[in-house]
1. Hey, what's the stretch 142-410 come to in accessible area per residue, 1.4 Å probe, Å²?
2. Pick out, from 350, 376, 160, the residue whose Cα sits farthest towards the positive end of the charge dipole of the stretch 142-410, with +1 on the Cβ of Lys and Arg and -1 on the Cβ of Asp and Glu.
3. Which length gain, in nm to one decimal place, applies between residue 159 and residue 220 when the Cα-Cα distance is subtracted from 0.36 nm times their residue separation?
4. Could you compute how much accessible surface residue 105 exposes when probed at 1.4 Å, giving the result in Å² to the nearest 10?
5. What FRET efficiency comes out for the pair residue 425/residue 381, r = Cβ-Cβ distance, R0 = 25 Å, nearest 0.05?
6. Rank 308, 212, 116 by accessible area, highest first, at a 1.4 Å probe radius?
7. With label points built 7 Å along Cα→Cβ from the Cα atoms of residue 351 and residue 187, find their separation and express it in nm.
8. Taking the simple approach of a point 7 Å from Cα along Cα-to-Cβ for both residue 260 and residue 207, what is their distance in nm?
Amino acid sequence: MDSHVTVYATAFYSLKIFSFIIFIMWLELSDISRFSIEQTYATLKKAISCRLSDFTPLLTAVARPLFLKSASCIIQRDESPMEKGLSGLRGRDFELSDVFYFSKKGLEAIVEDEVTQRFSSEELVSWNLLTRTNVNFQYISPRLTMVWVLGVIVRYCVLLPLRLTLAFIGISLFVIGTTLVGQLPRSSLKNLLSEVVHLTCCRICVRALSGTIHYHNRQYRPQKGGICVANHTSPIDVLILTTDGCYTMVGQVHGGLMGIIQRAMVKACPHVWFERSEMKDRHLVIKRLKEHIADKKELPILIFPEGTCINNTSVMMFKKGSFEIGGTIHPVAIKYNPQFGDAFWNSSKYNMVSYLLRVMTSWAIVCDVWYMPPMTREEGEDAVQFANRVKSAIAVQGGLTELPWDGGLKRAKVKDTFKEEQQKNYSKMIVGNGSLKSELD
């Protein structure tokens, strides 16, 4: 008889716990939630250890905050590491309830993915009267609609034709000029003419975008023989920087319009284009860069270590290759003002021509450029640590969020090494608590 009662009580208890978990998950994903994921997690931990008679008071204690008035309904995401998240909430041995910590992290990743959202246009606080940014702004009055209609007429019927004309002139002069300069033998005259062509044509192209650029700390502009590294939001980052000085470019090979421009550029200046998927190309690039920085008369190298465009809100992982070749690093932070136009290029959604059309039908391209003091690799510092230090400095200066994730996640899956790292951390915690050690004894 006692065994039957125990079975029924266990089944009843399990059903209650399962219903409670579903209930809490629904609350967390609904709009009426009034308590955070951390409170849910702590409550579930208590639910696992409580007796059947204690379950009703527990539900009452959890439900009470739902009806309290709160100024904010935003779920605060827990950014603490695994060790801190589990310390104090678990015993010395492995507990089945530890699964709720990982479940919580999984829900957080689904609700607020801090990686994927960096590859889409940032959300604006207020509407800037562009058609493509009115998705989140539902309260648009008839008066505001009339202003928007007037803006469309100005942008498409007045600004766009003028901008297309300037862009055609700038690109045509650039292709013709670099082709002609490329026919000259290598000399100081060729270098001078190449710089004139690059500066002149890039400034015309920036005018075609109604670009307004504010340069800060010009005394720290990259010097010859150095390496300029910057965060990457758009292909026009190159125009923004080249308007104020010439560089030797290093980047991915492109096709279409971008490919035509790249092939013209390399005729007048020793730019380095490579195919990222080819390992042979990567080794040749490193060799070329080392030879380049060894000559202090050469133009500074311009590199975007993220390897892809990020949406003007964050700085993602810097590839270590740029920091292994030695030389002086000149960090540059670029920050666009999204209120006048979105400079971010979502290359997986728009080709170059479509992107340029979107930029040219914006109000303007307004950005700030901060030149920063040169940085060198410290003693005992490896390339990864140096890259992270430079990345942190750029993030702080530009007011950007610093993220450890690889920008390659834009097109690829998460590497198994990231998963294995979390598994190893949890295993170390178990071993550190002595559970495995006691079993071996």
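The values are calculated or read from the model by the stated rules, or taken from the named source; none is laboratory data. The structure presented is a predicted model; accordingly, all values stated were derived computationally and were not measured. Here Cβ is always computed from backbone atoms with ideal geometry, including for glycine, and neighbour counts include all displayed protein chains. With ligands, DNA and RNA removed, areas are computed over all heavy atoms of the protein, side chains included. Shrake-Rupley method; radii C 1.70, N 1.55, O 1.52, S 1.80 Å.
1. On the way: 12630 Å² over 269 residues.
Averaged over the residues of the stretch 142-410, the accessible area is 47 Å².
2. Toward the positive end, the furthest listed residue is 160.
3. 18.5 nm
4. 50 Å²
5. That gives a FRET efficiency of 0.55.
6. Accessible-area ranking of 308, 212, 116, largest first: 116, 212, 308.
7. Each label point is offset 7 Å from its Cα along the Cβ direction, giving 4.2 nm.
8. Inter-label distance under the simple model: 2.2 nm.
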